[in-house]
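Student: Following this message is one structure expressed as structure tokens.
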Amino acid sequence: MATSERLEDILAQAAAIEGEAFHYDREQIDVEMEKEKASINEGLGIKILAIAGGFLACVFFLGFLAIADLIESKGGMLILGVMAIGASLGLNYATNSRMLDGAAIALYTSGLALITFGMEWESGGIVLGFMVIAVASFFLMRNFLMIFFSVLLFFGSMLWYIGSHESVTLFYLYLLVASLSYTIVSLSEPGLLSSGPMLNKRFPALRTGLLFSFIVGLILTMRFDLFLYNMQPHWLGWCIVMISLLAVVHYILEGLEIATGRRGLFFACLVVVMVPFLYAPAVPGALLILLLGVHTRYLTGFAAGILAFVYFISQFYYDLQLTLLVKSFILMASGALFLAAWYIIRKTLQRDEAI
């Protein structure tokens, strides 16, 4: 959700994009913001209970089907799964009650589980089917949690296919899609929010879903033993993440009207600072999340970036196959590079502001 300061930035950027044709009702926007604040503050506990209750209901329902020997017909499971997802869609449209969110989540997850039982686990058809369901759910659902789950389902289906086929190439393609998608959506916030009610209402859930999907990809680059046993640390992941990171830095420097020559200095400093993590792309990935969170004033992204950065740095230190003395020197050198980059950037910005 946008803060008051961020709202002013979004409206200014939207006005710059749309030109004189851009009009808005500020009073109505303020009213909607107050409603959203009240919804978040009052409904957080209910949302958590709805998610927990929905998953528990799904487990008990599947347990009942197993005890009753109803999970025998694959065709029946498919039909029942499609009906459950359809019922969750109908329930989502019938009411906006948070109390019924748990029921909608239970029907949705149960439907996905039933479809899984009704098809071959490793077939490409189930992956394609889940991706179609995810896209349809994104455009048809109105609830934040359901839209969020649809984004996770789409990227989770990709990981399912990648894991079942042990494809390292496809995993790096997943990392590229996740990093670019999260970067583009985050930087396109003003345009997406001013594009109409359809994307306006879905933007928060879309951004959050892309954030978590990207973080999962970063985790798997550090813990490949949990996913692809034949994958080894590779510089390709670093290059993929650095593309997005350099694009974000370019976007920010362009907005600050930094001279082209000095932008090259920023890029060179960033690359030098990130070189020690050539085989740990999760570290620059966490920096990307943190930078986007600060730039867009996205508190969830900012908090996730801090936690991810601390975890990935710790994991990087733990995974180094070196002596403790060498590890200490590497971390000290990395820290010195970060401080040097910060000092250069601060001095450059101060010099530009003085001009």
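The values are calculated or read from the model by the stated rules, or taken from the named source; none is laboratory data. No experiment lies behind these values; they were computed from the predicted model shown. Using ideal geometry, Cβ is built from the backbone for each residue, glycine included, and neighbour counts are taken over all protein chains shown. The protein model used for the area step is the full one, side chains on, heavy atoms only, and it has no ligands, DNA or RNA in it. Shrake-Rupley method; radii C 1.70, N 1.55, O 1.52, S 1.80 Å.
Student: Collect the residues in segment 75-125 that are outside any helix (DSSP H, G or I), farther than 26 Å from Gly163 by Cβ and either open to solvent by 50 Å² or more (accessible area, probe 1.4 Å) or at pLDDT 65 or above (or both), keeping them in residue-number order.
Tutor: Asn96
Student: Looking at segment 190-214 only, could you name the residues that are surrounded by 22 or more Cβ atoms within 10 Å (Cβ to Cβ) and within 14 Å of Leu292 (Cβ to Cβ)?
Tutor: Result: Arg207, Leu210, Leu211, Phe214.
Student: I'm told Ala134 meets every condition in (1) in contact with a Phe, Trp or Tyr (Cβ under 7 Å, 6 or more places away or on another chain); (2) open to solvent by 60 Å² or more (accessible area, probe 1.4 Å) except one. Can you identify the failing condition by its number?
Tutor: Every listed condition holds for Ala134 apart from (2).
Student: I would also like to ask the following. Hey, does segment 257-279 have a residue that's among the hydrophobic types (A, V, I, L, M, F, W, C) and either closer than 28 Å to Gly163 by Cα or touching a strand residue (DSSP E or B) at 6+ places or on another chain (Cβ under 7 Å) (or both)?
Tutor: Within segment 257-279 (the criterion being among the hydrophobic types (A, V, I, L, M, F, W, C) and either closer than 28 Å to Gly163 by Cα or touching a strand residue (DSSP E or B) at 6+ places or on another chain (Cβ under 7 Å) (or both)), the answer is yes, since at least one residue qualifies.
Student: Got a number for residues in segment 141-196 being farther than 24 Å from Tyr108 by Cβ and not hydroxyl-bearing (Ser, Thr, Tyr)?
Tutor: Quick first cut of segment 141-196, residues farther than 24 Å from Tyr108 by Cβ only: 165-173, 175-176, 179-180, 183-184, 186-196.
The next check asks that each one be not hydroxyl-bearing (Ser, Thr, Tyr); those that pass are 165-166, 168, 170-171, 173, 175-176, 180, 184, 187, 189-193, 196.
Going through segment 141-196 one residue at a time, the tally reaches 17.
Student: Criterion first (in contact (Cβ under 8 Å) with a residue 40 or more places away in the chain and out of contact with any Leu (no Cβ under 7 Å at 6 or more places or on another chain)) does Ile184 satisfy it? Explain how you work it out, then say what you get.
Tutor: Numbers: in contact (Cβ under 8 Å) with a residue 40 or more places away in the chain: no; out of contact with any Leu (no Cβ under 7 Å at 6 or more places or on another chain): yes.
No.
Student: Could you tell me whether any residue of segment 297-314 is outside any helix (DSSP H, G or I) and modelled with pLDDT under 90?
Tutor: Checked against the condition, which is being outside any helix (DSSP H, G or I) and modelled with pLDDT under 90, segment 297-314 yields at least one hit.
Student: Scan segment 146-153 and tell me whether some residue there is within 16 Å of the chain's Cα centre (by Cα) and at pLDDT below 85.
Tutor: yes
Student: Of everything in segment 259-296, what is at pLDDT 90 or above and either surrounded by fewer than 16 Cβ atoms within 10 Å (Cβ to Cβ) or at positive phi (or both)? Give them in sequence order.
Tutor: Across segment 259-296, there are no qualifying residues.
Student: Could I ask something else about it? So how many residues does segment 251-287 have that are in a helix (DSSP H, G or I), among the aliphatic types (A, V, I, L, M) and within 25 Å of Phe312 (Cα to Cα)?
Tutor: 12
Student: Just checking, which of Ser164, Ser157 is surrounded by fewer than 21 Cβ atoms within 10 Å (Cβ to Cβ), assigned to a helix (DSSP H, G or I) and at pLDDT below 85?
Tutor: Ser164
Student: With the requirement that a residue be under 18 Å from Arg207 (Cβ atoms), in contact (Cβ under 8 Å) with a residue 24 or more places away in the chain and surrounded by 19 or more Cβ atoms within 10 Å (Cβ to Cβ), what does segment 297-316 give you?
Tutor: Scanning segment 297-316 gives Tyr298, Gly301, Ala304, Ala308.
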